[in-house]
């Protein structure tokens with residue numbers, strides 16, 4: 001049955017509309033109509049004057065629902081992870097794997113292929129072609145300098161499941177970046193100790209975005225602006241940022257936003273408590289840490305990141321929503337997500353004035 005969503009303050013990704021009705025057929029948006037007149041035979045859903053906006057997209061999240069994917073690379077774990085993520089208002093996500101063994105990667109590839117859900121967009125491999133100097137919590141023994149044959153074999157094994165890959169530009173020759181880009185993989189620079197010029201060359205060679213800006217990378221310095229300086233100077237490269245006030249100060253989000261504009265987007269970089277294997281995360285009151293206390297992940301949802309940007313970083317609600325929906329879709333080159341327009345996917349959320357979630361709609365279905 002077609003659905004009509006009435007009585008909302010509708011944010012399309014471009015503007016707010018009042019007094020409109022959103023018509024959904026199956027998993028697509030059919031139209032946005034004037035007034036409250038609804039064609040007969042439709043299911044009517046009253047949004048009760050709340051905001052309705054595009055569903056949120058998280059391009060870096062490692063677990064949820066009691067499972068860290070790197071320790072439980074199974075179809076069953078993906079089911080629990082997806083349910084929890086979707087219930088927070090994120091209607092599309094890349095499940096993220098930190099540096100690991102190729103055997104574990106192959107298990108993850110199989111799990112993603114076996115698990116079908118419209119919110120699971122694929123894999124973000126964060127590693128293994130990273131900088132040892134900026135490895136953060138990544139497994140040092142598995143970090144490697146790539147050879148073309150290794151990369152091609154990994155891509156063949158993945159069979160289309162890898163959608164994004166974080167690499168360190170200084171350890172990857174242009175040929176490696178070219179192989180990834182030609183395979184349809186969005187390449188990100190991160191966990192990198194690259195100089196300004198190494199990072200700039202990486203962007204020129206096809207790197208499209210940057211992973212968690214300022215975290216685990218060369219820093220902005222007046223004698224070598226490093227990776228942050230390179231992405232600031234670029235006119236095309238994107239960057240994700242973690243808006244929890246812990247990974248970066250809210251003032252640096254304000255500064256980065258003024259410089260980058262529409263090229264800055266939000267990720268959660270959220271993990272799940274896990275006390276086994278190489279990646280152990282201990283839940284604290286406002287973050288995750290390694291057992292030794294080192295910061296290892298956020299407790300963010302994408303909607304809480306939006307709220308933090310509005311309340312603490314001087315960013316308007318509409319722009320914060322774009323940073324969590326429209327811009328991530330642009331990074332991934334999706335033309336039917338991150339907006340509410342006829343023909344787009346029926347993935348959206350409803351929330352109140354306090355930015356508390358009220359409804360989640362994925363693939364046209366109320367969650």
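Below are the figures for this structure:
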read-out	value
Single match in 346, 305 (criterion: surrounded by 23 or more Cβ atoms within 10 Å (Cβ to Cβ) and over 18 Å from the mean Cα position of the chain (by Cα))	346
Candidate set: the stretch 53-76, residues that are part of a loop (DSSP other than H, G, I, E, B) and in contact with a strand residue (DSSP E or B) (Cβ under 6 Å, 6 or more places away or on another chain); chosen: the one surrounded by the fewest Cβ atoms within 10 Å (Cβ to Cβ)	71
Residue count, the stretch 153-171 (criterion: assigned to a loop (DSSP other than H, G, I, E, B) and either surrounded by fewer than 24 Cβ atoms within 10 Å (Cβ to Cβ) or not assigned by TED's automatic domain parsing to the domain that holds residue 99 (or both))	3
Count of residues meeting criterion [crowded, with 22+ Cβ neighbours inside 10 Å, touching a residue at least 40 places away in the same chain (Cβ under 8 Å) and either within 19 Å of the chain's Cα centre (by Cα) or not in a loop (DSSP other than H, G, I, E, B) (or both)] in the stretch 206-226	7
Filter pass, residue 301 being within 18 Å of residue 326 (Cα to Cα) and touching a residue at least 12 places away in the same chain (Cβ under 8 Å)	yes
Strands (runs of 3 or more DSSP E) contained in the stretch 248-367 and holding at least 2 residues touching a helix residue (DSSP H, G or I) at 6+ places or on another chain (Cβ under 6 Å), closer than 21 Å to residue 82 by Cα and modelled with pLDDT under 95	none
Test: residue in the stretch 30-50 that is crowded, with 21+ Cβ neighbours inside 10 Å, modelled with pLDDT of 95 or more and within 29 Å of the chain's Cα centre (by Cα)	no
Inter-residue pairs, beta-carbon under 8 Å, first not assigned by TED's automatic domain parsing to the domain that holds residue 68 and in the stretch 262-280, second modelled with pLDDT of 95 or more and surrounded by fewer than 15 Cβ atoms within 10 Å (Cβ to Cβ), 6+ apart	none
The stretch 19-29: number of residues that are more than 29 Å from the chain's Cα centre (by Cα) and surrounded by fewer than 16 Cβ atoms within 10 Å (Cβ to Cβ)	1
Of the criteria (1) touching a residue at least 60 places away in the same chain (Cβ under 8 Å); (2) surrounded by 15 or more Cβ atoms within 10 Å (Cβ to Cβ); (3) in a helix (DSSP H, G or I), which one residue 133 fails	(2)
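Conditions tested, residue by residue: (1) modelled with pLDDT under 95; (2) within 27 Å of residue 152 (Cα to Cα).
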| position | (1), (2) |
| --- | --- |
| 85 | no, no |
| 88 | no, no |
| 94 | no, yes |
| 112 | no, yes |
| 116 | yes, yes |
| 126 | no, yes |
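The values are calculated or read from the model by the stated rules, or taken from the named source; none is laboratory data. What you are looking at is a predicted structure, and each value in this text was computed from that prediction instead of being measured. Counting neighbours? That spans all protein chains shown, and the Cβs are built from the backbone with ideal geometry, glycine included.
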